[in-house]
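First the structure, in the form of structure tokens, and then the observations on it.
Rule-based calculations on the coordinates, nothing more; no lab input. Keep in mind that this is a model prediction, so the values were computed, not measured. Positions of Cβ are generated from backbone atoms using ideal geometry, with glycine treated the same way; all protein chains shown enter the neighbour counts.
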Amino acid sequence: MKKSWLAAAAVLCLTAGCGKNNVPAAEAGYRDDVSAQALVEAVAQELGDEYWPDAELAPEYLDDWYGVSEEMYEEYYGQTPMISANVDALLVVRADKEHVEDVRQALDTYRESMVQDTFQYPINIPKIQASRIESFGNYVCFVQLGGSMEGIMDDDEAAIAACQKANEQALDVIEGELTK
């Protein structure tokens with residue numbers, strides 16, 4: 001009996017979709033009228049001096065670097081570092097309703113390539129390891145933040161934890177803006 005119940009639940013999840021990432025924005029309780037730029041700016045304001053991305057991400061890089069093509073989104077806004085020695089980045093994509101999962105997969109592929117890249121500056125490794133992709137309705141976010149990490153670079157666990165905290169703070173701000 002227990003096995004058949006679990007099998008039925010699994011089939012239901014596969015056919016109907018489970019979790020907030022598979023539910024349209026309005027049904028999940030998320031707004032879909034907030035600009036991606038406003039979300040990034042809210043995060044930058046919240047993190048203050050620990051927000052390091054400082055250059056707007058041009059449309060050609062969205063496709064070339066992240067694999068998110070023009071037909072996959074309604075709008076996006078992203079910031080990356082002006083200096084390539086730093087990897088702090090924040091990208092918010094308001095995906096076309098039919099392409100939310102495609103955007104998420106493209107960003108995940110990018111993230112995995114960064115994790116596998118062995119030619120990284122030591123300060124960037126915790127930021128890359130702690131990076132996240134999260135969806136809120138039609139908005140798909142890539143966060144790879146961490147700021148200076150001054151005084152903790154010799155402690156891998158502390159550095160990763162600090163980056164995870166910065167990413168979580170950014171995602172909390174975005175979610176808060178989308179649920180107002």
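For residue 145, the shell of other residues with beta-carbons less than 14 Å away shows a net charge of -4, using +1 for Lys and Arg and -1 for Asp and Glu.
For residue 89, nonlocal amide neighbours, meaning residues 5 or more places apart or on other chains whose placed amide H falls under 5 Å from its own, are 144, 145. Convert 20 °C to kelvin, take the viscosity as 1.002 mPa s, use the Kirkwood radius over C-alpha pairs of the stretch 37-146 as Rh, and evaluate the Stokes-Einstein diffusion coefficient in µm²/s, rounded to a whole number. In µm²/s, the coefficient rounds to 153. Please work out the FRET efficiency for the pair residue 118 and residue 49, using the Cβ-Cβ distance as r and a Förster radius of 35 Å; give the result to the nearest 0.05. Working from the Cβ atoms, E equals 0.70.
Annotation: amide H of residue 74 within the under-5 Å range of 94, 95, 96, sequence separation 5 or more or interchain, hydrogens built in the peptide plane. For the stretch 29-88, would you read off the P(r) tail past 16 Å as a percentage of all alpha carbon pairs? So the portion of pairs separated by more than 16 Å is 52 percent. Between the C-alpha center of the stretch 45-96 and that of the stretch 139-180 there is a gap of 15 Å. Taking only the Cα atoms of the stretch 105-180, the radius of gyration and Dmax are 13.2, 41 Å.
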